[in-house]
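The values are calculated or read from the model by the stated rules, or taken from the named source; none is laboratory data. Quick caveat, the model's predicted, so the values are computed rather than measured. Using ideal geometry, Cβ is built from the backbone for each residue, glycine included, and neighbour counts are taken over all protein chains shown.
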């Protein structure tokens, strides 16, 4: 993070703008919305600046800038086309530890202006750190289209009831739940429909019947976090993650996805990897139940889909036995996501009419699978957790009738920027993979559909690292 985003209260604070051209006019117009006490210093004053003065009553000093002009100001902006003046302004401000912005010159700035979405009192800002201001403006336009102006009215309505809600809900968690129901339900829709008075009456009614809310139970959201790429999350997964009080997550859930959770949510890691289980599954089941019984809303994040080799069914059984509310949010399973990003269709009318998912997890040095079934022709076999047993998998399939030249692929960290794909045959794939520093998570795909990769590959992949 090159710049830390903050919001400054400039109401009645003295702010200086050096320059009086078009750029200075834009900055002056923006700052005038903050009710700051503005002063303009410039040798030439444009008609636009003079016109603004009539509307906003700021001070104009028509003179050459001097370092002493900085003194007493809380914020300084230099918007001239003279590099020497801009540099002098920046150095003078920094010498007195006054925040300074030099327009279109990030090197001289101690702060920069973001692209602003103004739904006062709701304000959002987008910045590229000065590296791509046009991109920041485009992103602002996207956000503008997603946030109706009525959100500002909704915030003003919330301010009217803020102290009442705080007095009624001593527990911050219950207070947060109350506001989430207001902001995401029919009361918010009344504001959006132009009926703020009716919305206010509904909030009063909600406060009057809030005892039911205070006794509400916790809940568990069993969420499939997908194969790795953060933008493959579903909308529902993201919404529930952001309202959860606790995040319980696996090893295969990427840090970028965890970052989407609420900042103040507790995060509990329960990941498993070969020969290293942070918590046994039974303890995870018990943990989810205990958190929900205590009134927490728990997002249980699992890589891929929770019902495909995710042991989600076991966790739900425990919750049902104890009468705990839960939701299941499917995710894109690794087989679908990784195959798609590798350019390997799992089915194809010329190559495979069926697809089988199995787990290749080693147990006591062996893999107990239905090898004759897996060796049948005209199908695709997808093997989860098969990296350690790759050689056993390939040799067993050959022993049970699969031709040695059957195409096979191993996908490492599929759908992410670190994706690597190794292709070969049942005979040579283990040897090809062995020379690289391959780490889980991986997925193995076996079948003639692998031959389509060269034609259908589309996703950029990093070069794998040698051992």
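Just to be sure, is residue 89 in a helix (DSSP H, G or I) and either within 20 Å of residue 105 (Cβ to Cβ) or at pLDDT below 95 (or both)?
Taking the combined requirement at face value, the residue satisfies it.
Name the single residue that is surrounded by the fewest Cβ atoms within 10 Å (Cβ to Cβ) among those in the range 25-37 being in contact (Cβ under 8 Å) with a residue 60 or more places away in the chain and in a helix (DSSP H, G or I).
Here the answer is 30.
Kindly check whether there is at least one residue in the range 311-320 that is touching a helix residue (DSSP H, G or I) at 6+ places or on another chain (Cβ under 9 Å) and closer than 26 Å to residue 339 by Cβ.
For the range 311-320, residues touching a helix residue (DSSP H, G or I) at 6+ places or on another chain (Cβ under 9 Å) and closer than 26 Å to residue 339 by Cβ: present.
Give the residues of the range 182-203 that are in a helix (DSSP H, G or I) and over 16 Å from residue 164 (Cα atoms), sorted by residue number.
183, 186, 187, 188, 189, 190, 191, 192, 196, 197, 198
Under 6 Å between Cβ atoms, at least 6 apart or on separate chains: pull out the pairs that start in the range 128-150 with a residue that is outside the structural domain of residue 190 (by TED's automatic domain parsing) and end on any residue that is assigned to a loop (DSSP other than H, G, I, E, B) and loosely packed, with under 14 Cβ neighbours inside 10 Å.
From residues that are outside the structural domain of residue 190 (by TED's automatic domain parsing), the pairs are 129/2.
Any idea how many residues of the range 157-173 are within 22 Å of residue 192 (Cα to Cα) and free of Cβ contacts under 8 Å to residues at least 40 places away in the same chain?
Number of matching residues: 3.
Would it be correct to say that residue 45 is closer than 30 Å to residue 259 by Cβ, part of a loop (DSSP other than H, G, I, E, B) and free of Cβ contacts under 8 Å to residues at least 40 places away in the same chain?
no
Across the range 174-225, what is the total count of residues that are modelled with pLDDT of 90 or more and within 30 Å of residue 304 (Cβ to Cβ)?
Selection size over the range 174-225: 7.
Please determine, by comparing only the residues of the range 13-22 that are surrounded by fewer than 19 Cβ atoms within 10 Å (Cβ to Cβ) and either modelled with pLDDT of 95 or more or closer than 21 Å to residue 92 by Cα (or both), which one is farthest from the chain's Cα centre (by Cα).
If we take residues in the range 13-22 being surrounded by fewer than 19 Cβ atoms within 10 Å (Cβ to Cβ) and either modelled with pLDDT of 95 or more or closer than 21 Å to residue 92 by Cα (or both), then 14 is farthest from the chain's Cα centre (by Cα).
Quick check on this structure: which one of 65, 111 is in contact (Cβ under 8 Å) with a residue 40 or more places away in the chain and under 24 Å from residue 44 (Cβ atoms)?
65
Can you name the residue in the range 421-444 that is buried (at least 21 other Cβ atoms within 10 Å of the Cβ) and under 29 Å from the mean Cα position of the chain (by Cα) and is also modelled with the lowest pLDDT among such residues?
441
Assess whether residue 76 counts as being under 25 Å from the mean Cα position of the chain (by Cα), in contact (Cβ under 8 Å) with a residue 12 or more places away in the chain and closer than 30 Å to residue 152 by Cα.
Here the answer is no, as residue 76 does not meet what is asked.
Tally the residues that are at pLDDT 95 or above and not in a strand (DSSP E or B), restricting the search to the range 355-368.
The number of residues fulfilling the criteria is 0.
Criterion first (at positive phi, part of a loop (DSSP other than H, G, I, E, B) and crowded, with 18+ Cβ neighbours inside 10 Å) does residue 228 satisfy it?
yes
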